[in-house]
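Step one of this worksheet: look at the structure below.
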Amino acid sequence: MKTPLPNYRSLLFVPAHIERFVSSAHTRGADAIILDLEDSVPAHLKASARLTLESAVNQINSHGIGVGVRINRDLRNTVQDLEAAVAQGVRTVLVPKASSAGHLQLIDELITELEMERGLGVGDIQLMALVETVAGLAQANELAKACTRLTGLAIGSEDLSADGHFEPTPDMLFHPCQQVVFAARAAGIQAFGFPGSIAEYGDLERFAASVNQGRAMGFDGALCIHPSQVAILNQAFEPNEQDIAHATRVIEAFDAAIAAQRGAVVLDGKMVDLPVVTRARAVLSQVRQKTQP
């Protein structure tokens, strides 16, 4: 049975090899920090980044913040990255350019071996697959069901748009995002992303519009690359007072209808039946998860 990720709204990438970024990561307000061994680390510094990974994990963990590690895609670096990343304090391994269920199953197998060798709980470290290629998008349903360790799918807008030869705009990314959300929901795992460019932090208004659209599409949270994006994600993916009040009224109205032996009721000029109530309960469930210790 899958153990879901915590209810992360924001996951901030931090280059694992830059100590000043690591040391300030806990001040950025993100729900989780993703120590990056991939794109933000030059090839000649990847070995040294792996050597400092344990210290970085411990430092961020000491502030009570969840830690993930993004590994590299090529086989040689994948193995070396996992040797460093499968350690106490790492909650999630992010797999870039996930291409097939078999790809994820091999990584799952290696993580299991390392967990057993190191006395860690088998399955304690979870996987998030990054859908960043056209081939990976076509395999989204299979990726989402690859293994029980996999608890999330995330769309990589920059890599996907480059691979597909299109611009990372909301219009162009809408349908890929839908595919990722639907695949995640069908597999009972979480979905992370929004229909826009993750690199967009110069125009935070545009970024916020894309993020809010992502929430409306059903995403649970999103990855980000700059501290200025964190607060926008936290606000967008956290139910506000208006959301909570409306959800509460929906459930109360429906409960009263059931007590009167009716299966639906009109509230604010709209019909409320079971699917509407299910969405309202999901909103209140998010609030309860946030308030639990």
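The values are calculated or read from the model by the stated rules, or taken from the named source; none is laboratory data. It should be emphasised that the depicted structure is a prediction, and the values quoted were computed from it without experimental measurement. Every residue, glycine as well, gets a Cβ built from its backbone with ideal geometry; the counts of neighbours run over all protein chains shown.
General remarks:
- Residue list for region 177-204, restricted to those being more than 16 Å from Gly221 (Cα to Cα) and either free of Cβ contacts under 8 Å to residues at least 40 places away in the same chain or surrounded by 22 or more Cβ atoms within 10 Å (Cβ to Cβ) (or both): Glu200, Tyr201, Gly202, Asp203, Leu204
- Scanning region 68-124 for residues that are on the phi > 0 side of the Ramachandran plot and under 21 Å from the mean Cα position of the chain (by Cα) gives Gly89, Lys97, Gly123.
- Lone qualifier among Ile155, Ile198 - being at pLDDT below 95 and assigned by TED's automatic domain parsing to the domain that holds Cys224: Ile198
- When Thr78 is tested against (1) of a type outside the set (Gly, Ala, Ser); (2) assigned to a helix (DSSP H, G or I); (3) touching a Phe, Trp or Tyr at 6+ places or on another chain (Cβ under 9 Å), exactly one condition is not met: (3).
- Test: residue in region 205-226 that is within 14 Å of the chain's Cα centre (by Cα), without any contact (Cβ under 8 Å) to a residue 40 or more places away in the chain and surrounded by fewer than 22 Cβ atoms within 10 Å (Cβ to Cβ): yes
- Top-ranked residue in region 138-170 [being free of Cβ contacts under 8 Å to residues at least 12 places away in the same chain and part of a helix (DSSP H, G or I); ranked as farthest from Gly102 (Cα to Cα)]: Ala162
- Residue list for region 111-141, filter: over 18 Å from Leu160 (Cα atoms) and surrounded by 15 or more Cβ atoms within 10 Å (Cβ to Cβ): Ile111, Thr112, Leu114, Glu115, Leu120, Gly123, Ile125, Gln126, Leu127
- Among the residues of region 79-110, those identified as surrounded by fewer than 20 Cβ atoms within 10 Å (Cβ to Cβ), polar (S, T, N, Q) and at pLDDT 95 or above are Gln80, Gln88, Ser100, Gln105.
- Scanning region 233-251 for residues that are assigned to a helix (DSSP H, G or I) and modelled with pLDDT of 70 or more yields Leu233, Asn234, Gln235, Ala236, Gln242, Asp243, Ile244, Thr248, Arg249, Ile251.
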